[in-house]
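Some notes on the structure that comes next.
Just so it is clear, none of the values below were taken in a lab; they were calculated from the coordinates. None of these values were measured; they are calculated from a predicted model. When we count neighbours, we look across all protein chains shown, and the Cβ atoms used for this are built from the backbone with ideal geometry, even at glycine.
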Amino acid sequence: AQSVTQLDSHVSVSEGTPVLLRCNYSSSYSPSLFWYVQHPNKGLQLLLKYTSAATLVKGINGFEAEFKKSETSFHLTKPSAHMSDAAEYFCVVSEPGRRALTFGSGTRLQVQP
Amino acid sequence: DTAVSQTPKYLVTQMGNDKSIKCEQNLGHDTMYWYKQDSKKFLKIMFSYNNKELIINETVPNRFSPKSPDKAHLNLHINSLELGDSAVYFCASSQDLAGSYNEQFFGPGTRLTVL
């Protein structure tokens, strides 16, 4: 069975400082991993995806994530936060052949001016 | 130009009513999904259709009935609405690649409020 744990329900950073959103996963197979972002009252947008190619994945808006199999982690980072990054972020896992995505509980990112 | 669209965006109704939410995708995908996001933002799969055939049906009350008239549409009909049905419902689509990863594209969501 696959599962995802987002270690922080809420993260607050100052504008211009680094962002780290933590995610650990559990999977019986070689999973695919995703980060989605949801801005207030909006739908879900794919930030980046890992699909067993390079372990360091670059996404949109300056975000990146590193797949670490030994730590079963897929943390999301950004060197410098922007006010527009304030949103809910979801770490998501998918196993080959299993169509449904399994979502983490979400991390709310707050960016202070 | 919207890839995955849902109607309506907001739906407010009384307990006991029957309502439908429509979803359409213009991406040419063969698989569509319904997810429910509760008040704590937790997202969970409800149903999935592949080429108009039901392939995933999680533990959802049978008051919820998905209908797929064609590959581009997946509608969600809910009978006898209850307070606990209040949530945001997201439609998604993907192209089913056997043995491969599954990138899904989401609609904007439908916020259902049951009074």
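Of the residues making up segment A:98-113, those that are away from chain B (no Cβ under 14 Å) and either of a type in the set (S, T, N, Q) or within 15 Å of the chain's Cα centre (by Cα) (or both) are A:Q110, A:Q112. Residues in segment B:45-70 that are within 13 Å of chain A (Cβ to nearest Cβ), within 26 Å of A:G104 (Cα to Cα) and in a strand (DSSP E or B): B:I45, B:M46, B:F47, B:S48, B:Y49, B:N50, B:L54, B:I55, B:I56, B:N57. Is there a residue in segment A:29-37 that is in contact with a helix residue (DSSP H, G or I) (Cβ under 7 Å, 6 or more places away or on another chain) and either aliphatic (A, V, I, L, M) or part of a strand (DSSP E or B) (or both)? No - not one qualifying residue is present in segment A:29-37.
Scanning segment A:18-28 for residues that are in contact (Cβ under 8 Å) with a residue 24 or more places away in the chain, part of a loop (DSSP other than H, G, I, E, B), surrounded by fewer than 15 Cβ atoms within 10 Å (Cβ to Cβ) and out of contact with any strand residue (DSSP E or B) (no Cβ under 8 Å at 6 or more places or on another chain) turns up at least one hit.
The lone criterion from (1) away from every other protein chain (no Cβ under 14 Å); (2) part of a loop (DSSP other than H, G, I, E, B) left unmet by A:N61 is number (2). Restricting attention to segment A:72-97, the residues being part of a loop (DSSP other than H, G, I, E, B) and at the interface with another protein chain (Cβ under 10 Å from one of its Cβ atoms) number 3. Within segment B:52-91, the set of residues being among the polar types (S, T, N, Q) and buried (at least 16 other Cβ atoms within 10 Å of the Cβ) comprises B:S68, B:N75, B:S86.
Pick from segment A:98-112 the residues that are out of contact with any Lys or Arg (no Cβ under 8 Å at 6 or more places or on another chain), in a strand (DSSP E or B) and among the hydrophobic types (A, V, I, L, M, F, W, C): which of them is nearest to A:T17 (Cα to Cα)? Ranking the qualifying residues of segment A:98-112, first place goes to A:V111. Residues in segment B:26-44 that are buried (at least 19 other Cβ atoms within 10 Å of the Cβ) and either within 12 Å of the chain's Cα centre (by Cα) or in a strand (DSSP E or B) (or both): B:T31, B:M32, B:Y33, B:W34, B:Y35, B:K36, B:Q37, B:L43. So for segment B:52-59 (the condition being touching a Pro at 6+ places or on another chain (Cβ under 7 Å), touching a residue at least 12 places away in the same chain (Cβ under 8 Å) and within 22 Å of A:F90 (Cα to Cα)), does at least one residue qualify? Scanning segment B:52-59 turns up no residue that is touching a Pro at 6+ places or on another chain (Cβ under 7 Å), touching a residue at least 12 places away in the same chain (Cβ under 8 Å) and within 22 Å of A:F90 (Cα to Cα).
Pairs linking a residue in segment A:68-80 that is closer than 16 Å to A:G104 by Cβ to a residue that is of a type in the set (G, A, S) and in a strand (DSSP E or B), with Cβ atoms under 6 Å and 6 or more positions apart or on different chains, are A:F74/A:A65; A:L76/A:A65. Screening segment A:43-58 for residues that are surrounded by fewer than 18 Cβ atoms within 10 Å (Cβ to Cβ) and assigned to a loop (DSSP other than H, G, I, E, B) and picking the one that is nearest to the other protein chains (Cβ to nearest Cβ) gives A:S52.
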